[in-house]
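All of the numbers you see were taken from the coordinates with simple rules; none came from a lab. It should be emphasised that the depicted structure is a prediction, and the values quoted were computed from it without experimental measurement. Reconstructed Cβ throughout: ideal geometry from the backbone, glycine too, with neighbour counts over all protein chains shown.
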Amino acid sequence: MLFVVLDPFTVIPFYIPTANLLPKDKRPKFLRTLILAAVFMLLAFTIIGEYVFKILGVTFNDFRIAAGLILLVYAISSLFDIEIGAPKNAPENIEKEAIVPLATPLLAGPGSISTVLYIRYSYGYPIALISIFVNIILAYLILYGGQYIMKLLGEHGALLVDKFMSLILAGFAISIIRASIMSLL
């Protein structure tokens, strides 16, 4: 169940172009940062997320709306090749993208987090933790091999997939926001 929501295949078109801006020797570290940040997010929400939300007075729908807005901004900037913030081609800024938006909210986003919380409530902590680690290993392997998939597509095919996935991401972002607002109403 978590693998379907985590869906590392949809992260490939966002991961590869960003990773390609780095020198080849820095790409493995970039992927490790992405994976470790996603693991941290999933573990943190599994273990303490509910309590932090309660302390701060944040509902899960509030969190989903914020994540949806982040995804929407990222999708629009990707669709129109708009740079937000500092220039993307600076290595320190590229490396930050391993965390936002790649690790979260793309890989470990509201869907993954809510799925992990569901698994925790339904099957307990051990199964939730095993689920996180098995799925994150699969995500690592898929993203690691993503370069080969993108090479098969070629430059124009990869650009087409990137723009297509940006449109899908925009729709997904709006669906997260809409579902959260509907839940609030």
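Below, the figures for the structure above:
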read-out: Calculated [θ] (222 nm, deg cm²/dmol) that DSSP helices of n ≥ 4 give over the chain, each run adding -39,500 (n - 2.57); value: -25000 deg cm²/dmol
read-out: For the chain, built as a Gaussian network whose Cα springs stay under 10 Å, the top-fluctuating residue of I99, I55, I47; value: I55
read-out: Net charge over other residues, Cβ less than 12 angstrom from the Cβ of T33 (K, R count +1; D, E count -1); value: +3
read-out: Rounded FRET efficiency, nearest 0.05, which uses the C-beta distance separating L185 from R32 and R0 of 35 Å; value: 0.25
read-out: Sparse-neighbour loop sites [chymotrypsin sites (Phe, Trp or Tyr not before Pro); the range 10-116; at most 10 other C-beta within 10 Å; DSSP]; value: F80
read-out: The range 2-184: relative contact order as a whole-number percent, Cα under 8 Å and 6+ apart; value: 45
read-out: Listed residues A158, A67, A75, most fluctuating in the chain (Gaussian network, C-alpha, under 10 Å); value: A158
read-out: Loop-located GluC sites (Glu not before Pro) in the range 1-92, at most 12 other Cβ atoms within 10 Å (DSSP); value: E83
read-out: Cα-based reach from K96 at 19 Å (exclusive), listing aspartates and glutamates while leaving out same-chain residues under 8 positions away; value: D25, D81, E83
read-out: Range of Cα positions in the chain per principal axis (Å), largest first; value: 44, 34, 27
read-out: Geometric extent, Cα atoms of the range 76-172 - Rg, Dmax (angstrom); value: 16.2, 46
read-out: Using θ = phi - 60° and Karplus 6.51 cos²θ - 1.76 cosθ + 1.60, couplings along the range 162-178 (whole Hz; Gly, Pro as x); value: 4, 5, 4, 5, 5, 5, 4, 4, 4, x, 5, 4, 5, 5, 5, 5, 4
read-out: The range 1-86: translational diffusion in µm²/s, Stokes-Einstein, Kirkwood Rh over Cα pairs, 25 °C, 0.890 mPa s; value: 160
